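Have a look at the structure below before the remarks.
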Amino acid sequence: MPETAGEVSRTIDRRMALAREWDELVEEVRKLDDFKDFLRPPRLEMLLPAAADGPVVIVNVSRWRCDALVVRTSGVEVVNLPSLTLRAVVGQTNEYLRVLQEVDQATYILHQARRRYDDGDRSLDSIRRYTAAKQSWQRAAGERDRTLTTTLRWLWDQIAEPVLACLGFVATPADGAWPRMWWCPTGPLTLMPLHAAGYHDPTDTPAGRTVLDRVVSSYTPTLRALLEARRPLGSPPAEARMLVVALADTPDEVPLAAVKRERDVLVSHFSPRTTLLEGAMATAAVRDELARHRWAHFSCHGSQNMADPSQGGLRLHDGSTLSIAEISARQHDGEFAFLSACMTAVGGVDLPDEVITLTAALHYTGYRQVIGTLWSVYDDTAADVAELVYDDLMSDGTFAPARSAHALHGALRHLRDVRGLPASAWSPFTHTGP
């Protein structure tokens, strides 16, 4: 029944009383030590120390204007990006995601056709299916590479070059002293490989017009997250161990032949300090062991639900998913995680600013250094990256995860310059953390 005038008046009075009580309680909390900014936006001077080891670049994208906010310990400088528009960013992102999805679909169809043939169906129809699937995959991969080349050049022209010019990073360091910087993209740019922006074709002139040739890039979801990641870790365990989750064959998934090579690299570096979960062992035990280990390496299938990103995660042997939501519900005292799986650093399309990714989830919940991927990766390339990164981090005989960003940067340059691999192979790999 409708409320009477007296009931409405009493309801209003009650709500006003509760609001006053809330304000009074908040003021009481703010009188406590270390709580003076309780429920207030952080003050700028509290966030500037996030740039202590290098500038943080927040790329703002909106329908009104687009800018890069260059955060240094001394303050914030605005770099106007006059030709960048939200519409252009959305268009580039949609095209980029479309071709990546088409490659994923073509890969799965090719795997199904090949498995049918390998299982003994040598009929003419089976051979035709496999041939058509292979041709479709080749077309999709070619379109992906062409689109990625265009996208990386566009990111350089529109964002990276003016930002690096402002920072004075205008050439490859001659002395090998690579400067650090952190990208903090917003909106649809959270789905894009800013760290790989540039002209990477050897025929492109002048040379060196790439982010990879000028700085060591990392990502951070927020300035606060970067500050938090620099806090000292708790007391180390008596014997730090590496959790290795290795799934070469997951039911209903494409086999990952190179996982065994990754596993062997990890075991050779960390044995006997290795907790190895592979095959049927990599089920519920993974969830429990992750909380007990300061270091973790996942070599398996990853997935992302672009419409509901919290449900994305790592595929386990029993068909379940170690989801972003699950990881976010726990706290970890971790130092390093390597997610050698697909789409572990890509979020959703509806709320891109929320940065709902597996990489961010591990980072937010306590893992300081996290290496992840923006989209599907070749498993042999993932093994190459892992081998190069761990060889670097173990170069002096002890594990040095604080060098993770430099190690990944060196690995990506090696794959591009020495191995001659296209950007689609190496550019998905990202570093998040200090």
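Each stretch of four or more DSSP H residues adds -39500 (n - 2.57); spread over every residue of the chain, this sum gives -12500 deg cm²/dmol at 222 nm. Projecting label points 7 angstrom from Cα along Cα→Cβ for residue 201 and residue 7 puts them 7.3 nm apart.
Evaluate the charge dipole of the chain about its Cα centre and quote only its size in Debye, nearest 20, assuming +1 on the Cβ of each Lys and Arg and -1 on the Cβ of each Asp and Glu. Write down the numbers at each step before the final one.
Details: 46 positive and 56 negative charges, 106 e Å.
With Lys and Arg at +1 and Asp and Glu at -1, about 500 debye.
Per-residue packing, averaged as other Cβ atoms within 10 Å, sorts the ranges 186-193, 286-293 into the order 186-193, 286-293, beginning with the highest.
Quick one: divide the alpha-carbon radius of gyration of the range 1-40 by 2.2 N^0.38 Å and tell me what you get. Kindly include the intermediate steps, with their values, before the conclusion.
Values: Rg = 15.6 Å, N = 40, 2.2 N^0.38 = 8.9 Å.
Output field value: 1.75.
For the range 86-223, what mean projected area does the convex hull of the alpha carbons give, in nm²? Projected over every direction and averaged, the Cα hull of the range 86-223 covers 11.5 nm². The residue list 210, 100, 196 was ranked by how far each Cα lies along the charge dipole of the chain toward its positive end, using unit charges on Cβ atoms, and 210 comes out on top. For the range 45-58, the Karplus equation 6.51 cos²θ - 1.76 cosθ + 1.60, evaluated at θ = phi - 60°, returns couplings of 5, 7, 9, 4, x, 4, 9, 4, 9, x, x, 10, 10, 8 Hz by residue, with Gly and Pro reported as x.
Can you give the local net charge around residue 294? Use residues other than it whose beta-carbon is closer than 12 angstrom to its beta-carbon, Lys and Arg +1, Asp and Glu -1.
Working: positive: 241, 273, 292, 368; negative: 239, 289, 333, 335.
Cβ neighbours under 12 Å give a net charge of 0.
A simple count of charges around residue 101, restricted to other residues whose Cβ falls under 13 Å of its Cβ and scoring Lys, Arg +1 and Asp, Glu -1, yields -2. Labels on offer are [x] 213; [y] 226; [z] 191, and the one holding volume of the Cα convex hull per residue in Å³ computed from this structure is [x]. Calculated FRET efficiency, residue 398 to residue 228, Cβ-Cβ distance, R0 = 25 Å: about 0.50 to the nearest 0.05.
Given 0.36 nm per residue, what is the gain on full extension from residue 87 to residue 17 after removing their alpha carbon distance, in nm?
Values: separation 70, 0.36 × 70 = 25.20 nm, distance 4.60 nm.
This chain segment gains 20.6 nm when fully extended.
By average Cβ neighbour count within 10 Å, what is the ranking of 139-152, 405-418, 69-82 from highest down? Could the numbers behind the result be given before it?
Values: 139-152: 17.5, 405-418: 19.9, 69-82: 14.1.
Top to bottom by mean Cβ count within 10 Å: 405-418, 139-152, 69-82.
Return a whole-number percent for the relative contact order of the range 365-434, with Cα pairs under 8 Å and 6 or more residues apart as the contact set. Relative contact order for the range 365-434 comes out at 51 percent.
Can you give the FRET efficiency for residue 177 and residue 127, using 1/(1 + (r/R0)^6), R0 = 51 Å, r = Cβ-Cβ distance, to the nearest 0.05?
After rounding to 0.05, the efficiency reads 0.35.
In percent, how large is the relative contact order of the chain, given Cα pairs closer than 8 Å and 6 or more residues apart? All intermediate terms of the calculation are to be shown ahead of the outcome.
On the way: 750 pairs, mean separation 56.2, N = 434.
It rounds to 13 percent for the chain.
Just rank 125, 157, fewest to most, by other beta-carbon atoms within 10 angstrom. Before the final figure, lay out the partial values.
Values: 125 9, 157 16.
If I rank by nearby Cβ atoms, fewest first, I get 125, 157.
Once you divide the Cα radius of gyration of the range 258-298 by 2.2 N^0.38 Å, the number left is 1.14.
The numbers here are math on the coordinates, done by the rules we state, and not lab data. The structure presented is a predicted model; accordingly, all values stated were derived computationally and were not measured. Note that we place each Cβ from the backbone using ideal geometry, even for glycine, and neighbour counts take in every protein chain shown.
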